[in-house]
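Undergrad: Right, I'll just put the structure down here and ask away after.
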Amino acid sequence: MHTIPHIVGDVMTRSVLAVRRTTPFREIVRIMQDRQVSALPVLGGGRVLGIVSATDLLPKEEFREGPLDSSERLRRLSAATKADGTTARALMTSPAVTVSPDTTLAAAARTMSRERIKHLPVVDEQGGLVGIVSRADLLKVFLRDDEDIAEEVRREVVSYLFPAPGSSVWVQVRGGVVTVKGRVGDPDLVPAAARLARAVEGVVAVEFALAEDTGRHRLPNGHGAGPITAHHEEGGPGRP
């Protein structure tokens with residue numbers, strides 16, 4: 001069983017505004033204001049060298065009232081340097097943290113979280129700019145149609161772990177919340193089913209209400225399946 005995950009290329013912005021290393025501070029501000037963007041890749045030699053964001057520009061205003069004393073300047077050297085910057089070369093965060101178009105959304109989200117950044121330039125095999133992806137872009141997956149999610153859970157989880165005979169399972173998805181109910185031949189597979197269902201793109205939470213044993217199986221914490229509660233809804237039978 002293998003599901004091709006959604007990738008950065010599915011959600012990235014392909015028409016990307018970029019600047020050169022020599023682009024002046026004021027021009028960067030103007031582009032951001034006119035085009036309603038908060039970050040711009042910096043290009044040089046056909047490659048992405050860095051990225052300049054609104055955060056990189058703020059020290060210019062922050063330190064407007066006067067120079068820092070020597071101890072404060074050493075403590076905030078990066079911000080102080082950016083405050084003195086007049087071109088993208090001095091203002092940008094470099095080297096750029098980038099991803100490829102076939103990077104999974106989960107991997108891109110982990111990179112953003114680890115690096116504490118809000119935008120990722122998307123580059124091809126030669127390092128050329130082909131797009132940019134933001135935090136908001138990564139969240140688009142949660143707008144996926146409920147029935148598409150349900151069909152994938154039926155196909156990739158239910159039919160795989162609970163094939164007939166011995167099981168009769170229904171799947172319902174509302175607002176990204178997956179409810180799985182019915183009878184299963186092997187309740188020990190429920191934790192695995194929860195992990196697989198939670199990994200489906202667009203799933204917000206997973207709930208199991210199975211008429212086996214006590215009628216409900218609540219997964220212990222740590223299975224990565226989200227909240228598991230009894231939840232009665234009408235649904236369709238699992239099918240391959």
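The values are calculated or read from the model by the stated rules, or taken from the named source; none is laboratory data. Because the structure is predicted, anything quoted here is derived from the model rather than measured. Cβ placement follows ideal geometry from the backbone for every residue including glycine, while neighbour counts extend to all protein chains displayed. Only protein heavy atoms, including side chains, enter the accessible area calculation; ligands, DNA and RNA are left aside. Shrake-Rupley method; radii C 1.70, N 1.55, O 1.52, S 1.80 Å.
Undergrad: Determine the gain in length on full extension of the stretch Asp124-Arg155; use 0.36 nm per residue of separation and subtract their C-alpha separation, reporting nm with one decimal.
TA: Details: separation 31, 0.36 × 31 = 11.16 nm, distance 3.30 nm.
Separation in residues times 0.36 nm, less the Cα-Cα distance, equals 7.9 nm.
Undergrad: What does the highest-first list of 181-187, 48-54, 122-128, 16-22 look like by mean Cβ count within 10 Å?
TA: My ranking of the peptides, most packed first, is 48-54, 181-187, 16-22, 122-128.
Undergrad: Any idea what the alpha-carbon Rg over 2.2 N^0.38 Å comes to for region 88-218?
TA: In units of the 2.2 N^0.38 Å rule of thumb, it is 1.40.
Undergrad: Sort Phe142, Phe162 by accessible area with a 1.4 Å probe, largest first.
TA: Result, largest first: Phe142, Phe162.
Undergrad: Take peptides 151-158, 25-32 and line them up by average Cβ neighbours within 10 Å, highest first, as a rough protection proxy.
TA: 151-158, 25-32
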